[in-house]
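Data block below; observations after.
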Amino acid sequence: MQTLIALGLALVLVPPAAAETIYVSNEQDNTVAVVDGATMTLQAAIDVGRRPRGMALSVDKKVLFVAEGDDNRIDVVDLAKRQVVGQLPSGADPEFFVVHPDGKRLFVANENDNQVSVVDIAGAKIIGTVDVGVEPEGMAVSGDGRTVACTSETTSMIHLIDAATLELIDNLLVDTRPRAAAFSVDGKQLWVSSEIRGSVTVFDTATRAQTGKTEFEVPGIRREGVQAVGIEMSRDGATAYVALGPANRIAEVDTKTFTVRRLYLVGQRPWHVALSDDQKQLISANGNSGDISFIDLENQEVVKSLPGGRGPWGVVIGP
Amino acid sequence: MKVRHALRALDGILRREMMRSLRQRARLFSAMVRPLVWLAIFAAGFRSVLGLSITPPYQTYVLYEVYVVPGLAAMMLLFHAMASSLAMVYDREMGSMRLLLTAPLPRWYLLAARLLASVVVGLPLVYLFLFVARFWDVRPPALGYVAVFPALVLSGLMLGAFGLLVSSMSTQMENFAGVMNFVIFPMFFASTALYPIWRLAEAGRVLATIAAWNPFSSAVELIRFALYLRFDMVSMLVVVACLVAFFLAAVAGYDPGRGLWSRRSGEG
């Protein structure tokens, strides 16, 4: 009987999901906000360089790389110490970058130089550059590490780069002003968002043919007000979440049918979104209202918007 | 006053209220349709597609439909209270009020029983509305529907007591149109039922101040907070204080020896 009670209690008192920490870059405050995912409270603000935007965790998840657009470098933040412990070169005006799965290299989009810089993390030096279109911004790397994708905003193209040889494999024309790119978990699809068209276009990575497209609409908002930016793919491959910028919405897209399942109302101008490790919570960084929205995906509702600093842009979830 | 006697009177009054309300199908129907018209048509015009700024108890941006539902629930209670007070005037003209008030029980008790009965009859409709509002994506937490019960009862009693007071002062049914224009509309519109206080402050300081002092606002906020599992102490104190004040004034108003009631007997 006692064991039954204990079992019952254990069932009732399910421990909360493993505590996760959310990192949000505030491009106008020059800080990275540290937020506790379980309590949804602000814990600290880490001072970083000027205009922090793109962020990524190291493969061992011990450090956070932060691109400092106005300082032309990448800061290395120690997550245990919560402070900048090092710097990496990045090339001019880094906005977004990815960490290669080998854990040794960063691929950085240099917005003003029309190129992608490859940074050796250990040696803290640039070991190669790849010329791409005008105003490169969005970066993605395939799970197998073979291909790096880069979007160029003004050229409206997505450039595919061989991660080993640093040669351009292909350039695909996409909708106007592509902002972000993401590979599907199985590596078979490449998703690209278009800010001006308010759409995402999906390519087959093997044939490089367009296989799907979603044009977003929010009832009551004029078409120009719906702009697609950040993309996050769920681990099970079934769902993509897309931030819709000035429409103040996050769209949940079915990756099979390319239809919008639902829209979540968040703060003003969400730039990027990130999924918690258990895939139950989605976080958006809302640039204009200066807050971070928490979406409970199980109950399909936005539970809270927490003021996090001025100009939240990038969001990364770590241990 | 024997307890058994008092309970029997309460039971009788409750039954009468229930029977009357069930017989008035049209009124039940319109009581249900009224808030839905507000939600479906009025709220649609104010949709605020980009979300309303965060106002407690909400923790994130909400659409106007979400904001207006607690106000509409309070509006249902207000209209119900006024309809009930109209029925009091009607009862008085028909003579059944005299019958009730001559029962060998204290007047305050009879009036309180009448008040309680009216709230009990009105509440199921409010709940029905709150559930129907889920179709407009107004989905407070499940426990909120429980927590809102005492808030609805208190607010209903306060507005009902206000209705009693109005009925004690109005001598004829014809005056009811005046009650509508000079009581219900200002009370409803100059409150936080339709717009948050910061929105009213944009329109003018005076309006915002009136809304802040309007006891109907307190009822709305008490309901709004409870529905989202928060407790608004100030609103509750205001609602309770107003309930006591309105009720005492109504009891005094129904005293044959005093107030308008005596003047009216003088007329006849």
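No lab work stands behind these numbers, since they all come straight from the coordinates. Bear in mind that the values here come from a model prediction, so they are computed numbers and not experimental data. Cβ atoms come from the backbone with ideal geometry, glycine included; neighbour counts cover every protein chain shown.
Things worth noting here:
- The length gained on full extension between A:Asp47 and A:Asp78, counted as 0.36 nm times the residue separation minus their Cα-Cα distance, comes to 10.0 nm.
- Peptide B:55-63 has a mean of 4 when you count, residue by residue, the C-beta atoms of other protein chains within 10 Å of its C-beta.
- Applying 1/(1 + (r/R0)^6) with R0 = 30 Å to the Cβ-Cβ distance of B:Arg34 and B:Phe182 gives a FRET efficiency near 0.95.
- Spatially close Lys pairs in chain A, defined by Cα atoms under 14 Å apart and a spacing of eight or more places or different chains, total 7.
- Choice from A:Val174, A:Val229, A:Val85 with maximal GNM fluctuation in chain A (Cα, 10 Å cutoff): A:Val85
- Ranked B:Thr55, A:Thr257, criterion: other C-beta atoms within 10 Å, fewest first: A:Thr257, B:Thr55
- Vicinal HN-Hα couplings computed from phi for segment B:32-44 (Karplus, 6.51 cos²θ - 1.76 cosθ + 1.60; Hz; Gly/Pro x): 7, 6, 3, x, 5, 4, 4, 5, 7, 10, 4, 5, 4
- Treating r as the C-beta distance of A:Val85 and A:Arg310 and R0 as 22 Å, the FRET efficiency rounds to 0.35.
- Here's how it looks for A:Glu217: its modeled amide H is under 5 Å from none belonging to a residue 5 or more places away or on a different chain.
- Other protein chain Cβ atoms within 10 Å, averaged over every residue that makes up A:261-269: 3
- Amide H contacts of A:Val266 (H built 1.01 Å from N, under 5 Å, at least 5 apart or other chain): A:Arg249, A:Ile250
- Order of A:Glu153, A:Glu301 - criterion: other Cβ atoms within 10 Å of each residue's Cβ, fewest first: A:Glu301, A:Glu153
- Taking Lys and Arg as +1 and Asp and Glu as -1, the other residues whose beta-carbon sits under 12 Å from that of B:Thr60 total -2.
- Label-point separation in nm, A:Asp60 to B:Asp11, each point 7 Å along Cα→Cβ: 7.9
- Each of A:Val76, A:Val63 was scored by other Cβ atoms within 10 Å of its Cβ. Listed from fewest to most, they are A:Val76, A:Val63.
- Taking amide hydrogens as placed 1.01 Å from N in the peptide plane, the amide H of A:Asp29 sits under 5 Å from those of A:Arg310, each at least 5 positions away in sequence or on another chain.
- Each residue of segment A:300-311 is assigned a 3J(HN,Hα), and the resulting list reads 6, 8, 7, 8, 7, 10, 10, x, x, x, 8, x Hz, derived from the Karplus form 6.51 cos²θ - 1.76 cosθ + 1.60 (θ = phi - 60°), x at Gly and Pro.
- Spin-label pair A:Lys256/B:Phe42, simplified geometry with 7 Å Cα→Cβ offset, distance in nm: 4.4
- Between A:Thr129 and B:Tyr127, the modelled labels are 7.2 nm apart [label points 7 Å from Cα along Cα→Cβ].
- Here r is the Cβ-Cβ distance between B:Tyr109 and B:Phe231 and R0 is 45 Å; the resulting FRET efficiency, rounded to 0.05, is 0.90.
- The 3J(HN,Hα) values that the Karplus relation (6.51, -1.76, 1.60; θ = phi - 60°) gives for segment B:180-196 are, in residue order, 4, 5, 9, 10, 5, 4, x, 4, 6, 6, 8, 9, 8, 5, 9, 9, x Hz. Gly and Pro appear as x.
- GNM flexibility winner over chain A from A:Ala109, A:Ala140, A:Ala238 (Cα, springs under 10 Å): A:Ala238
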